[in-house]
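Below: one structure, written as structure tokens.
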Amino acid sequence: MNIENILVTGHLYKEMEKILTQKNLSKNIRFVAEEEVSQEDVLWADVYVSFYPTEHFEFGNLKWVHSTGAGVDKYLYGREWDESVLLTRTVCSFGQRIGEYCLSYLLRDMQMHDTFAQMKAQRQWKPEEPKLLDSQRIVIYGTGEIGQEIARVLSTFRIKVSGVSRSGESVPFFDQVVKTENAAFLLKEADWVISTLPLTKQTYKIFNDAFFDQLNNSGFINVGRGATVDELALLEALQKKTVRQAVLDVFETEPLPETSPLWKHPDITITPHISAVTTPEEAVECFLDTLAKIENDEPLYNQVKTKQGY
């Protein structure tokens, strides 16, 4: 693949410009703010680098699109992808970051932080016994790189971790992996369900009434994509106690509207899509590594299967 013209945009473009300028790449590179990207910019480029497609995004003369985030649903969901254009995504410390994010909320639950905070506020001395992490049964939806890293982090504490995927194929760090349609027996016993799923036609609102009805007072964490969850169904599940608490980092609409009932629910924890943050340094490192592999005709570890949506 002959690459000459690279368009870099997105909210990290300024920081990436500072780093890439020091690399002295023998390429023509334009660094443009998202709101200023023109049709001419896109048609000029061989390569488009950004978190999301901008208003004037089109395939034009593009040979390669590189997402500076792990998710690519903004490029693929509801869009007919030109299969002649390579799509890659950023793979860096996301798995570790998300693994530690999930672990922190499991520990908060096991060590009863909220309970003891309420006791302090009421000046109550009422000993309660915290639970051990290895007593927990965790089910992770999505057994790709991020799901595997979460499983690795949790299994370090001897937690039993099961996975759910379309294929049901065994992968490292999971005690077992089952197909999506065979997960009912795992859900019935799950203490926590964690979703790392991408947004595709198959996963859109996969966590709906029928799904939540299979749970038995479980915790639910979503670090995948917001639109995989039917938010009204989740609220209903919290009311019915099939879900005891939810930790949500992603939402169907972001930023989460002030009018959303999720804000006020006492059993929902909300974080503003920060479980896996791309740093400028990681964005540049992954981009340059991918560029080198493309130009040397080496296998790509971060190529997206566009027909599958991830």
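For the full complex of protein chains and a 1.4 angstrom probe, list Trp44, Trp263, Trp192 by accessible area with the highest value first.
Putting Trp44, Trp263, Trp192 in descending order of accessible area: Trp263, Trp44, Trp192.
If only Cα atoms are counted, what is the Rg of region 62-102, and what is its Dmax, in Å?
For region 62-102, the Cα radius of gyration and maximum Cα-Cα distance read 12.8, 38 Å.
If I model a spin label as a point 7 Å beyond the Cα along the Cα-Cβ vector, how far apart are those points for Ile19 and Ile270 in nm?
3.1 nm
If the reach is capped at under 18 angstrom between alpha carbons, list the lysines near Lys18, excluding any in the same chain fewer than eight residues apart.
Correct list for Lys18: Lys27.
Let me know the Rg and Dmax you get for the chain when you use only its Cα atoms, in Å.
Radius of gyration, then largest Cα-Cα span, for the chain: 21.3, 70 Å.
Taking only Cα atoms and a 10 Å spring cutoff, compute GNM fluctuations for the chain and point out the largest among Arg152, Arg123, Arg166.
It is Arg123.
For the chain, set up a Gaussian network in which alpha carbons nearer than 10 Å are linked by springs, and say which option among Val277, Val250, Val161 fluctuates the most.
Top of the fluctuation ranking is Val277.
In straight Cα distance, which aspartates and glutamates are under 15 Å from Lys63, not counting same-chain residues fewer than 8 positions off?
Lys63 reaches Glu4, Asp41, Asp46, Asp82, Glu83, Glu295, Asp297.
Sorted by accessible area with a 1.4 angstrom probe, largest first, how do Ser260, Ser104, Ser26 fall?
In descending accessible area the options line up as Ser26, Ser104, Ser260.
List the GluC sites (Glu not before Pro) within region 219-268 that fall in a DSSP loop (any state other than H, G, I, E or B) and whose Cβ has at most 15 other Cβ atoms within 10 Å.
Those satisfying the criteria are Glu258.
Round to a whole number: what % of the accessible area of region 46-122 belongs to carbon and sulfur, probe 1.4 Å?
Heavy-atom surface of region 46-122 belonging to carbon and sulfur, 1.4 Å probe: 45 percent.
Of the listed pairs Lys188/Lys305; Lys160/Lys264; Lys14/Lys205; Lys126/Lys241; Lys241/Lys307, which have alpha-carbon separations greater than 30 Å here?
Lys188/Lys305; Lys160/Lys264; Lys14/Lys205; Lys241/Lys307
Round to a whole angstrom and tell me the spacing of the C-alpha centers of region 233-310 and region 41-72.
Each part reduced to its Cα centre gives a spacing of 20 Å.
Specify which residue in the list Ile270, Phe174, Leu7 is farthest towards the positive end of the charge dipole of the chain, using unit charges on the beta carbon of Lys, Arg (+1) and Asp, Glu (-1), about the Cα centre.
In the chain, that residue is Phe174.
Could you size up the charge dipole of the chain around its Cα centre, putting +1 on the beta carbon of Lys and Arg and -1 on that of Asp and Glu, and report it in debye to the nearest 20?
Result for the chain is approximately 1180 debye, rounded to the nearest 20.
The values are calculated or read from the model by the stated rules, or taken from the named source; none is laboratory data. The structure displayed is predicted, hence computed values, not measured ones. Glycine gets a Cβ as well: all are built from the backbone with ideal geometry, and neighbour counts include every protein chain shown. Quick note on the areas: whole protein, heavy atoms, side chains included, nothing else; ligands and nucleic acids left out. Shrake-Rupley method; radii C 1.70, N 1.55, O 1.52, S 1.80 Å.
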